[in-house]
Amino acid sequence: MYLTLQAQLHETLPAIHDAWQSDDGQFVLIEDRSNWQPMITLWQDSDTSLLQILHWLHEMLQLWVALEPWQCRQSLLEPHNLRVDEDG
C-alpha cells in the first residue's frame, strides 16, 4: 500500500528508509516528520494566506482520494498527523 501511495504522491508522503516483511506482517520505516510544524498552528496564524490554506486543502483532498482504496482516510482527520515543513 505505502509503495503504491508513494508512487502517486511522492512529494507529499514521508520517504521510506526501510521496509520488510515477516510472519507478523509488513513493516515500513519512514522519515520522521514529528518535528515539523503542526498544520493546525499555521491555520490559526493570521500571517498564513488563504491561498496557502487552499493549497494545503487541495493536497489533503489528493491524499483523501489516494487513501480511499485502503480505508485509511481517517488518518487525515487526526490533527497531529498533519504537519508542514519549512517550505510550506
Checklist entry - Near the amide H of Ile30, under 5 Å away, which other amide H atoms are found, from residues 5 or more places off or on another chain, if H is placed in the peptide plane? => result His17
Checklist outcome for this item: Given backbone amide H placed at 1.01 Å from N, residues whose amide H is under 5 Å from that of Arg83, ignoring those fewer than 5 places away on the same chain, are Met39
Checklist entry - Once you charge only the Cβ atoms, +1 for Lys and Arg and -1 for Asp and Glu, what is the size of the charge dipole of the chain about its Cα centre, to the nearest 20 debye? => result 280
Checklist entry - Using the alpha-carbon atoms, what tilt in degrees (0 to 90, nearest 10) does helix 50-67 show relative to the longest principal axis of the chain? => result 20
Next on the checklist: Quick check on the chain: helices-only [θ] at 222 nm, where DSSP H runs of length 4 and up contribute -39,500 (n - 2.57) each and the sum goes over total residues. Nearest 500, please.
Outcome noted: -10500 deg cm²/dmol
Next on the checklist: Positive end of the dipole of the range 6-65, charges at C-beta (+1 Lys, Arg; -1 Asp, Glu), about the Cα centre: which of Thr12, Gly25, Met60 has its Cα farthest in that direction?
Outcome noted: Met60
Checklist outcome for this item: Once phi for every residue in the range 76-87 is put through the Karplus expression 6.51 cos²θ - 1.76 cosθ + 1.60 (θ = phi - 60°), the whole-Hz ³J(HN,Hα) values, with Gly and Pro written as x, are 7, 8, 9, x, 5, 7, 9, 9, 10, 7, 5, 8
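Only the coordinates and a few stated rules stand behind these numbers; no lab work does. Remember, it's a predicted structure, so these values are computed and weren't measured experimentally. Don't worry about glycine lacking a Cβ; one is built from the backbone with ideal geometry, like all the others, and counts go over all protein chains shown.
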